[in-house]
Amino acid sequence: MNTAEEQIVKLLLECKLTDAELKAAGKELADGLNKKAQVENQLETFKAQKKAEISAMDAAIARNTVLVNSEKEFRSIECRVDYDFTRKGVKSFFRLDTGELVKTEPITNEERQSMLKGLGDEGRGSKR
């Protein structure tokens, strides 16, 4: 008969953790959760920044699309105002850059009054 030799093997079995092991695992868990939260916050900040950049680009693209399609835009242009009290009391607006007449509109009563006051001041000034 053969005698059985003593044999040692390793098996994966359940073991209760010691207090020190539980404390160490708890610390690692807390550290991991904190690091994860920091990375998630950084990711959200990065996403928000990039989203804002994309929105700015979209606005520029939309504006330039309108410019290219319409071939024009509104700009603030200096205009000369000519008052014509003899012809139906209208004022005419002429672009200073092109000389083009852009609109006419009635002279307001306030404008008439202020011009009459101005004429009166000139008359008094010339008497001195």
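The values are calculated or read from the model by the stated rules, or taken from the named source; none is laboratory data. Here the structure is a predicted model, which is why all the values come from computation and not from measurement. Ideal geometry is used to build each Cβ from the backbone, glycine not excepted, and the neighbour counts take in all protein chains shown. These area figures cover heavy atoms from the full protein model, side chains too; ligands, DNA and RNA do not enter into them. Shrake-Rupley method; radii C 1.70, N 1.55, O 1.52, S 1.80 Å.
Points worth noting:
- Residues R112, R63 ordered from highest to lowest accessible area at a 1.4 Å probe: R63, R112.
- Dividing the helix sum by the residues of the chain, where each DSSP H run of 4 or more adds -39500 (n - 2.57), gives a mean residue ellipticity at 222 nm of -20500 deg cm²/dmol.
- V66 contributes an accessible area of around 90 Å² to the protein surface, as traced by a 1.4 Å probe with all chains present.
- Unit charges on C-beta of K, R, D, E only; dipole of the chain, Debye: 1220
- Heavy-atom accessible area, probed at 1.4 angstrom with all protein chains present, ranks T65, T86 as T86, T65, highest first.
- Here the gap between V66 and F46, fully extended at 0.36 nm per residue and compared with their Cα-Cα distance, gives a gain of 4.2 nm.
- Sorting I61, I107, I77 by solvent-accessible area of protein heavy atoms yields I61, I77, I107, largest first, with a 1.4 Å probe.
- For the chain, the longest principal axis of the C-alpha atoms and the axis of helix 19-70 are separated by about 30°.
- Here K51 is the anchor, and the aspartates and glutamates within straight C-alpha reach of less than 17 Å, apart from those fewer than 8 places off in the same chain, are E40.
- Crossing angle, helix 109-127 versus the chain [Cα axis fit, 0-90 degrees, rounded to tens]: 60
- When the Cα positions of C79, A37, I107 are compared along the charge dipole of the chain, I107 comes out farthest toward the positive end, with charges on each C-beta of Lys, Arg, Asp and Glu.
- Residue of E14, E78, E28 that the Gaussian network model of the chain assigns the largest fluctuation, springs spanning Cα pairs under 10 Å: E14
- For region 5-128, the solvent-accessible area works out to 95 Å² per residue, with a probe of 1.4 Å and every protein chain left in place.
- Whichever lysines have a C-alpha closer than 16 Å to that of K91, once near sequence neighbours (fewer than 8 apart) are set aside: K103
- Rounded to the nearest 10 Å², the accessible area of D31 at probe 1.4 Å: 60
- Alpha-carbon radius of gyration plus Dmax, which is the widest Cα pair, for the chain in Å: 42.9, 150
- For K23, the aspartates and glutamates whose Cα falls under 18 Å of its own Cα, not counting residues fewer than eight places away in the same chain, are D31.
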